[in-house]
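Right, one structure below, let's go through it.
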Amino acid sequence: MREVLMGERRLVFRDAQGHKRSFAMGDHDHLKFWTAFSNFVKKHLSEENSTFRLERVLTDETLIIETAHGIVGRVRNGASPEVSYRRYERRTDGTDLQLRFAHSGYAALDDHGPWTSDRESLLPDDSFENLELAWVREMRESELRRREIAALPKLDKKALNQFCKTWADTGHNEYIGDSDEYYVLFHSRTVAEAGAARDELLKTVGALGLHLVEAPASAPSGEVWVRCDPRVDLELEKWA
């Protein structure tokens, strides 16, 4: 009752290695909570550290997330604990359970089962993939890539913006083999159809120092092929 009246949920995040963070969640702090808990998991999750606890301090309830098995356990009545478990097949399913539990506790998950007291019956086979760990690794790789790109010489912002606008209006990416990727601009157009905008694009490519390559023999005469550059890729994420 005290928690409801205050409109604040006192939460504690823990992992299997003893890391801990306290968090206060208000009635409308769903996104704030999700960001905080996701960052906690992202920071500490590894092959060796794969179990996390979400504790509701004032109601003495705990959600246990076993990422290595895709199992969520909920616990209440600390002195004589009542425990039930369920599997989750998608990472977003686990996230939904965390949000509901953080906001409203054990009983809020009653209709989001099936729940069982037999955890062993839920253990997956050896082919199971740790969904959270795969997500965290992807996020870490993305952050590393962004740091590496940020360390590269900067491109002229005006020219980069113009290139991206032309790509968004007329182009796409073309993959050839496992490692070769190109920006194809003025797709399917002849030189006459591309007009003066093609000449401007060629100047922009030169100003950016991008690598212009010869278009395939089968390509229309107006197509412009440019080897992909990670600095441009990062900017194009805003235009795709």
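The values are calculated or read from the model by the stated rules, or taken from the named source; none is laboratory data. Note that the structure is a prediction, hence the values are computed from the model and not measured. For neighbour counting, all protein chains shown are included, and Cβ atoms are generated from backbone atoms with ideal geometry for every residue, glycine included. SASA here: full protein model, heavy atoms, side chains in, ligands and nucleic acids out. Shrake-Rupley method; radii C 1.70, N 1.55, O 1.52, S 1.80 Å.
Taking interchain pairs and intrachain pairs at least six residues apart, which have beta carbon atoms under 6 angstrom, with the first residue in the stretch 211-230 and under 11 Å from Leu185 (Cα atoms) and open to solvent by less than 30 Å² (accessible area, probe 1.4 Å) and the second assigned to a loop (DSSP other than H, G, I, E, B) and among the hydroxyl-bearing types (Ser, Thr, Tyr)?
Final answer for the pair search is Gly222/Thr190.
Restricting to the stretch 143-198, name every residue that is of a type in the set (Lys, Arg) and open to solvent by 60 Å² or more (accessible area, probe 1.4 Å).
Arg145, Arg146, Arg147, Lys154, Lys157, Lys158, Lys165, Arg189
Please go through the stretch 84-130 and give me each residue that is without any contact (Cβ under 8 Å) to a residue 12 or more places away in the chain, of a type in the set (S, T, N, Q) and surrounded by 12 or more Cβ atoms within 10 Å (Cβ to Cβ), ordered by number.
Once the filter is applied, which keeps residues that are without any contact (Cβ under 8 Å) to a residue 12 or more places away in the chain, of a type in the set (S, T, N, Q) and surrounded by 12 or more Cβ atoms within 10 Å (Cβ to Cβ), the stretch 84-130 yields only Ser104.
Within the stretch 171-210, track down each residue that is part of a helix (DSSP H, G or I), touching a residue at least 24 places away in the same chain (Cβ under 8 Å) and not aliphatic (A, V, I, L, M).
Result: Glu193, Arg198, Glu200, Thr204.
If a residue has to be open to solvent by 20 Å² or more (accessible area, probe 1.4 Å) and at pLDDT below 95 to count, how many in the stretch 10-28 make the cut?
The qualifying residues number 2.
Restricting attention to the stretch 63-83, does a residue exist that is open to solvent by 30 Å² or more (accessible area, probe 1.4 Å) and within 20 Å of the chain's Cα centre (by Cα)?
There is at least one residue in the stretch 63-83 that is open to solvent by 30 Å² or more (accessible area, probe 1.4 Å) and within 20 Å of the chain's Cα centre (by Cα).
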